[in-house]
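The values are calculated or read from the model by the stated rules, or taken from the named source; none is laboratory data. As the structure is a computational prediction, the values presented were derived from the model and not from experiment. Heads up, the Cβs are rebuilt from the backbone with ideal geometry, glycines too, and the neighbour counts pull from every protein chain shown.
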Amino acid sequence: MKIIHLHQEETEVIKLAVENNRQAQQQIYSKFSSKMLSVCRQYIKDIQLAEDVMITAFMKVFTNLNKFEHKGSFEGWIRRIMVNECISYLRVQKKVKFTEDEIYVEESFNAIDSQFSIEQIQFLIDALPDGYKMVFNLYAIEGYKHNEIAKMLGINEGTSKSQLSHARKMLQTQITILKKQDNGTE
Amino acid sequence: MEPNNFEKDFRDKLNQRKIEPSNKAWDRLDAMLSITEEKKPDKNRKWLYIAASIVGFLLVGTFFFNEKKNPVETQKNNVVIKENVKKDSVMQPTLNIIDSGKTEIAISEELIQNSNKKEAKISPEASGRKSNQLIKNEKNQIAESSVIIKNNQKKQSINNQIPIAENSKNESVDQLLNSAGKTVVAENSAKPKSKIKVNANDLLNQVDGELELSFREKVITKVNKNYQTVKVALANRNQKENKE
């Protein structure tokens, strides 16, 4: 009952936000901004730039709020807008070029029990090149499929797969280095 | 391809992460939203203006085209009218000319008649006067002669009767003069009466005729002008055609 009540509350808030009710808009913003800034931070290393992108993405959220059909989760809808905004930012500002090498190796990675802190995880992701980072984030974190990623980035599915494998390889090596460092420190 | 363990870990931890944006972030977003809200009505107004202008252009266009159609129709009508006019002008002028001739003739006739009448009125009177005067003179002469004869006879017969005769002579002359003057006065008094009577009707008729004529003349002149222009144009064209 509480969940339904919350949902009803959310729809009401969305309705108000559609009518440019600033309080409702602020309510939505304050509810999702911290999570969404985290999402933007996955893609953009600079927190200031990540915030800028988040703001522009929130602008798109509010201007296109009437298009939200209340079918999926509202958070997921906002998150998709954030991700798309980050990708478009990286593609436009950083002019990310994907190397069209379709030779990708499906490696079975060793099960690494990574007990890293969030800062370490972010550090590892930040170390990835933008192309790898985008595909890895979209595939591993957001849960998009390769064909979806290929559409989003305007690349071939094979390129997406190869980019992911490259990202994984890089990450694995980075994780092993980190683990060694951690073991050494320990 | 199942996600690796570290990926799961990454996902879970990243999804749990929350980074609080700066306090300015909302202010910036608020400002941006207010700007777009200000722009939105402008956009709507722009659309309204565009729609209104389109509607206006359509209306103007429709009116313009309708007007265009009408002039064409009117031109057609004009052409028809012109043709009619031409036909009429071909027929009418002659008729009008005839009419005008007739009227002119009638008027001249009337004038002549009037003048004749006047003359007739005047001449008989004048001649009458003259003749009367002549007759009177003759009569006087005759009377005088008769008186002279009488006088002579009387002289011859009675000398005493001379002054009486002379008196009678004088009396007769005076009487005759008086009678003549009376007749002349009577004639003169009769003449203006007749003149007034005749002239009033005639003048009215004349004035009416003149008024009608002035209107007619205008029409006739206009028709004649148009007819002549058409005639000249046709003549020129025919000449050109003949030359060619």
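Exactly one condition in (1) surrounded by 11 or more Cβ atoms within 10 Å (Cβ to Cβ); (2) modelled with pLDDT of 85 or more is false for B:Glu7; which is it?
Single failed check for B:Glu7: (2).
For the subset of region A:112-129 comprising residues that are part of a loop (DSSP other than H, G, I, E, B), within 14 Å of chain B (Cβ to nearest Cβ) and modelled with pLDDT of 65 or more, which member is farthest from B:Asp12 (Cα to Cα)?
Here the answer is A:Leu128.
Considering region A:130-143 alone, what residues qualify as being more than 11 Å from chain B (Cβ to nearest Cβ) and either β-branched (Val, Ile, Thr) or crowded, with 20+ Cβ neighbours inside 10 Å (or both)? Working first, answer last.
If we filter region A:130-143 for residues that are more than 11 Å from chain B (Cβ to nearest Cβ), which is where we start, we get A:130-135, A:138.
Selection gives A:Gly131, A:Tyr132, A:Lys133, A:Met134, A:Val135, A:Leu138.
Mind listing just one residue for me: the one in region B:10-23 that is closer than 16 Å to A:Phe32 by Cα and more than 7 Å from chain A (Cβ to nearest Cβ) and, of those, surrounded by the fewest Cβ atoms within 10 Å (Cβ to Cβ)?
The initial filter retains those residues of region B:10-23 that are closer than 16 Å to A:Phe32 by Cα, namely B:14-23.
Applying the additional criterion that residues be more than 7 Å from chain A (Cβ to nearest Cβ) yields B:15-16, B:23.
Numbers: B:Asn15: 14, B:Gln16: 10, B:Asn23: 7.
Here the residue is B:Asn23.
In this structure, is A:Phe109 modelled with pLDDT under 90 and among the aromatic types (Phe, Trp, Tyr)?
Details: modelled with pLDDT under 90: yes; among the aromatic types (Phe, Trp, Tyr): yes.
Against the criterion (modelled with pLDDT under 90 and among the aromatic types (Phe, Trp, Tyr)), A:Phe109 qualifies.
Looking at (1) within 15 Å of the chain's Cα centre (by Cα); (2) modelled with pLDDT of 90 or more; (3) not hydrophobic (A, V, I, L, M, F, W, C), find the lone condition where A:Glu157 falls short.
That leaves (1) as the condition not met.
What pairs can you find where one residue is in region B:27-38 and surrounded by 16 or more Cβ atoms within 10 Å (Cβ to Cβ), the other is of a type in the set (A, V, I, L, M, F, W, C), and their Cβ atoms are less than 6 Å apart, with a gap of 6+ or different chains?
B:Arg28/A:Ile55; B:Leu29/A:Ile55; B:Leu29/A:Phe58; B:Met32/A:Met59
Please determine, by comparing only the residues of region A:148-177 that are surrounded by fewer than 16 Cβ atoms within 10 Å (Cβ to Cβ) and assigned to a helix (DSSP H, G or I), which one is farthest from the other protein chains (Cβ to nearest Cβ). Step through it out loud before you land on a result.
The initial filter retains those residues of region A:148-177 that are surrounded by fewer than 16 Cβ atoms within 10 Å (Cβ to Cβ), namely A:148, A:151, A:154, A:156-158, A:169, A:173, A:176-177.
Narrowing further to those that are assigned to a helix (DSSP H, G or I): A:148, A:151, A:157-158, A:169, A:173, A:176-177.
Working: A:Glu148: 15, A:Lys151: 19, A:Glu157: 13, A:Gly158: 14, A:Lys169: 11, A:Thr173: 12, A:Thr176: 11, A:Ile177: 13 Å.
Going through the qualifying residues, I end up with A:Lys151.
Hey, does region B:43-66 have a residue that's under 30 Å from A:Ser33 (Cα atoms), at pLDDT below 90 and of a type in the set (D, E, K, R)?
Yes, region B:43-66 has at least one match.
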